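Read the structure below first, then the notes.
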Amino acid sequence: MGMSSGSHFNHQASPKMLPPRQQPRPGGLQTNLSLVSSDACGSPNLQERGSNSDQVRESPSESASSRETWPTPDALVGKKMDKEKEKENGFAENSVVRHLSSSDKMSLQDVARERVDLIADRMQHLPDEYLEKFKFELRALLEGLGGSQHRDEFLFLQKLVQNRGDLTDKTLIMAHRAQLEILVAIKTGIQAFLHPSVSLSQASLIDIFLYKRCRNIACGGVLPAEDCACEVCSKKNGFCNLCMCVICNKFDFEVNTCRWIGCDLCSHWTHTDCAIQNRLIGMGPSVKTGSGSAEMIFRCRACNRTSELLGWVRDVFQHCAPTWDREAFIREFDYVSRIFRGSEDPRGLKLFWKCEELIDKLKSGAAEPMACKVILSFFQELEVDASKSQEGDEVGRLIAPQEAFTRIADVVQEAIRKMEMVAEEKMRMVKKARLAFEACDQELKDKAREVDALKMDRQRKKQQIDELESIVRLKQAEAEMFDLKASEARREAERLQRIALAKTEKSEEDYASRYLKQRLSEAEAEKQYLFEKIKLQESSRASHAGGSDPSQVMMYSKIQDLLKNM
């Protein structure tokens, strides 16, 4: 095909994996595809994705392709490690969930249905482990879309999100990052936005959600791409002509393949299968001559113009076939076979039978170098036969004046077409420069929005800090008040303790004095009793003896003196 088809191939080694339509386009005025050497075709990452692309399931999402969910091989490894880690730490994560209150727990339907600010506020108080588990739940739902139950559940969530009118720039900028990733994943059906190894800015996620940026992570172009105003791009439904199929709106990471067909005249691409199913591939007048002989052509749905297919297939095989393995050869021969199956052009029929023959040989065990050599030799033979046939026609007959005028007109038209192509190329360069400028301007706007978001977050944090500081001051005042009351209570206790001690001492003194008085009174009574007893004894003795013994009288007198002194 023409020069725009060249974007289908990987022309430059790049550290970043690019989708088919994002590859650099070759310059110059050529009618055939201009490609680099076969040594530069396809990076390992791109080749790997191309070989594994047929083994994935389809989803009912807007993109409807699981190919879109894995941006890098590292993400696949990271996903596997995350699953193993989640399995090992399952009990720990469950324990975190069990400690959450019932008011903090959420469901995917809550995120899809409730207001953005309410969900964002609730997510602020949730632990990171719970949010990761929450996103893993949606990833598992997207992975299981083959089942009718998961499919219906996801379609219900997607319908909730798509029918909301409150999801705008102003509301989404207040969203929690995890909340925004979940909303974008639900709307696009791409689980890569939930993967830990994929990190996009909040502004980019908002643009993807609002169809202002390509949802293909490897592309990320501003929409509409290249300011295209065609019927497809003007709908502003998230279509990106740099990496998506015009018919099915899917994208993948395959390059250097016949799976994609690009238009010679506009920057739109179509899956080969989609073009065949929608009858965009068929017989038509030759693109070079415009009339007379018919050949297999492709009609672009975006611009409704045609491009020839035989030269495109030839250029693909000449520049990319030396690096293909057996499976790639079988797959590419199958694509070419389906393209030229209904060809009425002898060259197209020969190519169809040659591809069928080589497929059988490869399945029987033939080597890849043999298939590469045979198909390249076949294309050389087709070119030689075409040139001989043209020369024979020129020599065999004289050119009529009308035919000469027609050829001159064709040459003039070709010159005009080339001038238009030059002008178009210049316009494309101007558009590219303007796109680069707009990309820088958009990046500045994105950064400004990120700054605004950071300022809002900072203001929210500042408010939280002020609230905490006021609470701390209140608690400090309460502590000082309680400390003052405690000091007063301590002084009161000491005063009461002193009063109690004084009363205790006084009561002890009173008790001791009363005790001594009682003991004195008891001693006095006992003394009196002894005195009376002695007097009685003296009187009784005196009456019996008729007289008193001086020694006894002296002894009794001493006893009386002793009792008196007591």
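The values are calculated or read from the model by the stated rules, or taken from the named source; none is laboratory data. All values reported here derive from a predicted model rather than from experimental measurement. Cβ placement follows ideal geometry from the backbone for every residue including glycine, while neighbour counts extend to all protein chains displayed.
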Positions within the stretch 324-353 being among the hydrophobic types (A, V, I, L, M, F, W, C), closer than 15 Å to C258 by Cα and free of Cβ contacts under 8 Å to residues at least 60 places away in the same chain, in sequence order:
W324, F329, I330, F333, F340, L351, F352
Quickly run through the stretch 239-253 and pick out the residues that are in a loop (DSSP other than H, G, I, E, B) and crowded, with 21+ Cβ neighbours inside 10 Å.
F239, C240, N241, L242, C243, M244, V246, F251, D252, F253
Filtering the stretch 343-366 down to residues that are touching a helix residue (DSSP H, G or I) at 6+ places or on another chain (Cβ under 9 Å), surrounded by fewer than 20 Cβ atoms within 10 Å (Cβ to Cβ) and not in a helix (DSSP H, G or I) yields D345, A366
Name every residue in the stretch 130-161 that is over 13 Å from A178 (Cα atoms) and among the hydrophobic types (A, V, I, L, M, F, W, C), in order of residue number.
A140, L141, L142, L145, F154, L155, F156, L157, L160, V161
Counting just the residues of the stretch 176-206 that are free of Cβ contacts under 8 Å to residues at least 60 places away in the same chain, part of a helix (DSSP H, G or I) and of a type outside the set (V, I, T), which one comes out surrounded by the fewest Cβ atoms within 10 Å (Cβ to Cβ)?
R177
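Yes or no: the stretch 281-291 includes at least one residue that is under 43 Å from the mean Cα position of the chain (by Cα), under 24 Å from I247 (Cβ atoms) and not hydroxyl-bearing (S, T, Y).
Scanning the stretch 281-291, I find at least one residue that is under 43 Å from the mean Cα position of the chain (by Cα), under 24 Å from I247 (Cβ atoms) and not hydroxyl-bearing (S, T, Y), so the answer is yes.
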I need a count of the residues in the stretch 276-335 that are over 30 Å from A367 (Cβ atoms), of a type in the set (S, T, N, Q) and not in a strand (DSSP E or B).
7
What's the total number of residues in the stretch 264-273 that are over 30 Å from the mean Cα position of the chain (by Cα) and either at pLDDT 85 or above or not in a loop (DSSP other than H, G, I, E, B) (or both)?
2
Determine whether I173 is modelled with pLDDT of 90 or more and surrounded by fewer than 23 Cβ atoms within 10 Å (Cβ to Cβ).
yes
